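Asker: If you scroll down you'll find the structure; I have some questions about it.
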Amino acid sequence: MSDKVTIRRLPTGVPGLDAILGGGLPEFSFNLIVGPPGSGKTTLAHQIMFALATKERPALFFTVLGEPPLKMLRYQQQFSFFDPQKITESIRFVNLSDEVSTGNFDEVLARIIKEVEASSPGLVFVDSFRSVMLEVRNQPQGTLSLQQFIQQLGIHLSGWQATTFLIGEYLSNSDPHPVFTVADGLLSLDQSVHRNSMVRQMQVLKMRGQATRPGMQTFRISSAGIEVFPTALVRDDTGAAQEPAGSRRTKSRVAMGVPGLDEMLGGGLPSGYSMLVAGPSGSGKTILATAFLAEGVRRSEPGVIVAFEQTPSQSRTRTIDDMVRAGQVGLINTRSLDLSIDEIVQHLVALIHRMSAKRVVIDSLSGFELAVAPTFREDFRESLFRMVAVLSGLGVTVVMTSELEDRYTDLRFSPYGSAFLTDAIIVERYIEIDSRFKRVLAVVKVRGSAHSNELREFEITDAGIIIGDPVGDYEGLLSGRATLVPPVKVVGRAKLR
Amino acid sequence: MATGESNLFRESIRTALAQRAGIPDSEATANATAATWRLVAAQLAPVIGARGLEVLFERALRTTSAAFPWLAVASGSGAALLPGVAERLACQRPAEAAEASYTLFSTFTELLMTLIGESLTTRLLAPVWASPSLSSVQESAL
């Protein structure tokens, strides 16, 4: 057992990348970074290089014609990870354009080998192999062919005691390049434009000996470089980890901060539950969610709100603004239209940990769907499910609001079919009684708990939501046309039971 | 702060060129210029490529020729311009030749700075200006 080789994993210095690689880059691995122009290949390579290069583990960066080195240096130093101190000290650039321009691959390979042997670097980058290929169409007879060159380079790269990277443009899927077989790791970068949003994604297609995170992972490029947002992992409901959360769920209840609502829920919302508050525009969903957070603050249970709609300073939500300013509630407020759900979840989870939050509000799912890049809308339900699962794994109690078109012909709770995802549902409706619009709410579901089945009138005042009496003596309320029920009939029906 | 560093840079260029020429003589200045350029090339060519270097040199030479019209070399490009430049320097009065040589290198350095920034330029060219003796730089460049 002990004489097996131990593979060290190098932290890449790219936030989120180590997680999708399955714990970092294996030392001495030979990796390919592929993707179309502008997908961030060189930036990724540079970020990894600046993070890993030290005097003891120097880096050698070969630039081939792909991008004029002057331009590359000019633009790469805009990133905060670019540390000029490391250049010449632990990072050396070597330009191969002269060798490439002769069209002779033997020379290119010989030069690379010579440089590597001379300085025995711990990290080697070759940027990029696509341009090598294009350049060498008119190569002299009898020399290495392009395929052989890449193959040879691959073999040499794996043979050195160095962690190596070959950067190149994406080759067709149908005809995988032989170098893909030689490589230990294969990272594919992509960017897709859908309507007016642009989404960057990367995928670990291969990483020998490691359990990588499957699927496309979104990432962003900012002044700090690349940040990857790994798909949220949903923990299985097996194992010990889930049990504490489970037992917490059943025992304690969370006060909603609206007088009378806790009684309707059968004593408050069970802690760790997720609740959907559905209702038409203006029915008071955000106010209910605000009350939930305010009650948490009062009980020293910090909260976090993800706000997609009103800005916190707008009228009724004033108290959220106050709580955020006082540092009692964490706020994620976003209106950018190219988010991935994973990005939000990552920010949210980080904020929950930082604030030790117990309560989370997402206001609203409708706004969330709009904020998510069109590319991800198809998977919105699936991602929502993952998000709810991650949040419930953290043991926080969640309130999500959802805009509900007022339809009097059918009874629906959410446009996403997300009702089944949540543990509890409150529905708010408008009804017409005596030529007045009135608001009613009802608890539709509280999983594993008794709850009220009354339809209660409520008012929104400056003090918040005031729940009134059950709306008796009427029927057909949810159809929007309530009719008065003669008292006799009610008695008669009661007697029949 | 940036200007201060640039000035410091100019000073070291002037000092290094003067020390390499040894005596105030046009021929010596011409030789020092050619030798110094070879050092610059040795430092930069691996990083930005020989062609990238030539383009910068041509641009610096053209800009410098505006102040020193006699320096304009019509024929050739890149490194092929260097012998012509040395020849012309050797024909001038010593003070004029030294000033033109200094202007050429400082223009080149500034050009590089606008492209890749001061700190990176300083870092890459430090060995050229830091050591006035030619032999020690050549050794470190190898």
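The values are calculated or read from the model by the stated rules, or taken from the named source; none is laboratory data. Predicted, not measured: the structure shown is a model, and the values here were computed from it. Heads up, the Cβs are rebuilt from the backbone with ideal geometry, glycines too, and the neighbour counts pull from every protein chain shown.
Asker: Any residue that is touching a His at 6+ places or on another chain (Cβ under 9 Å), under 24 Å from residue A:270 (Cβ atoms), modelled with pLDDT of 80 or more and in a helix (DSSP H, G or I) - is there at least one of those in the range A:319-331?
Answerer: No; the residues of the range A:319-331 include none that is touching a His at 6+ places or on another chain (Cβ under 9 Å), under 24 Å from residue A:270 (Cβ atoms), modelled with pLDDT of 80 or more and in a helix (DSSP H, G or I).
Asker: With respect to residue A:33, determine if the residue is touching a Pro at 6+ places or on another chain (Cβ under 8 Å) and crowded, with 18+ Cβ neighbours inside 10 Å.
Answerer: So residue A:33 does not fit the description; no.
Asker: While we're looking at this one, here's another question. If a residue has to be within 14 Å of another protein chain (Cβ to nearest Cβ) and surrounded by 14 or more Cβ atoms within 10 Å (Cβ to Cβ) to count, how many in the range B:59-76 make the cut?
Answerer: Number satisfying all stated conditions: 1.
Asker: To continue, here is another question. Quick check, is residue A:52 more than 19 Å from residue A:169 (Cβ to Cβ) and of a type in the set (A, V, I, L, M, F, W, C)?
Answerer: Yes, satisfied.
Asker: Name the residues in the range A:32-45 that are outside any loop (DSSP other than H, G, I, E, B) and touching a helix residue (DSSP H, G or I) at 6+ places or on another chain (Cβ under 9 Å), would you?
Answerer: The answer is A:32, A:33, A:34, A:42, A:43, A:44.
Asker: I'd like to know if the range A:46-60 contains one or more residues that are within 13 Å of another protein chain (Cβ to nearest Cβ), assigned to a strand (DSSP E or B) and either farther than 22 Å from residue A:160 by Cα or of a type in the set (Ser, Thr, Tyr) (or both).
Answerer: The answer is no; no qualifying residue exists.
Asker: Then there is this: Which count do you get for residues in the range A:366-381 that are assigned to a helix (DSSP H, G or I) and within 17 Å of residue A:403 (Cα to Cα)?
Answerer: Residues that pass the stated criteria total 9.
Asker: Would you be able to tell me the number of residues in the range A:69-95 that are more than 8 Å from chain B (Cβ to nearest Cβ), surrounded by 17 or more Cβ atoms within 10 Å (Cβ to Cβ) and either over 22 Å from residue A:10 (Cβ atoms) or small (Gly, Ala, Ser) (or both)?
Answerer: Here the count works out to 2.
Asker: While we're on this one: Only one of (1) buried (at least 22 other Cβ atoms within 10 Å of the Cβ); (2) more than 10 Å from chain B (Cβ to nearest Cβ) fails for residue A:102. Which number is that?
Answerer: Single failed check for residue A:102: (1).
Asker: To continue, here is another question. What is the number of the single condition among (1) closer than 21 Å to residue A:162 by Cα; (2) more than 12 Å from every other protein chain (Cβ to nearest Cβ); (3) assigned to a loop (DSSP other than H, G, I, E, B) that residue A:116 does not meet?
Answerer: Only one criterion is unmet by residue A:116, namely (3).
Asker: Give all pairs with beta carbons closer than 7 Å in which a residue from the range A:77-94 that is in a strand (DSSP E or B) meets a residue that is crowded, with 16+ Cβ neighbours inside 10 Å and polar (S, T, N, Q); count only pairs at least 6 apart in sequence or on separate chains.
Answerer: A:93/A:63
Asker: In the set B:79, B:30, which member is out of contact with any strand residue (DSSP E or B) (no Cβ under 9 Å at 6 or more places or on another chain) and either at pLDDT 90 or above or in a loop (DSSP other than H, G, I, E, B) (or both)?
Answerer: Only one candidate passes the filter, namely B:30.
Asker: Which of the residues that make up the range A:420-443 are part of a strand (DSSP E or B) and aromatic (Phe, Trp, Tyr)?
Answerer: A:430, A:437
Asker: Conditions: (1) in contact with a Gly (Cβ under 9 Å, 6 or more places away or on another chain); (2) away from chain B (no Cβ under 12 Å); (3) within 19 Å of residue A:150 (Cα to Cα). Residue A:63 meets all but one. Number of the miss?
Answerer: (2)
Asker: Just need a number here: residues in the range A:51-92 that are hydrophobic (A, V, I, L, M, F, W, C) and modelled with pLDDT under 90.
Answerer: 6
Asker: Given B:124, B:112, B:71, which one is modelled with pLDDT under 90 and among the aliphatic types (A, V, I, L, M)?
Answerer: That would be B:71, the only listed residue that is modelled with pLDDT under 90 and among the aliphatic types (A, V, I, L, M).
Asker: Additional query: Here's a check for you: in the range A:407-465, which residue that is at positive phi and touching a Lys or Arg at 6+ places or on another chain (Cβ under 9 Å) is modelled with the lowest pLDDT?
Answerer: A:417
Asker: So, in the range B:13-58, of the ones that are more than 12 Å from the chain's Cα centre (by Cα), away from chain A (no Cβ under 14 Å) and free of Cβ contacts under 8 Å to residues at least 12 places away in the same chain, which residue ends up surrounded by the fewest Cβ atoms within 10 Å (Cβ to Cβ)?
Answerer: Among those residues, the one meeting the criterion is B:23.
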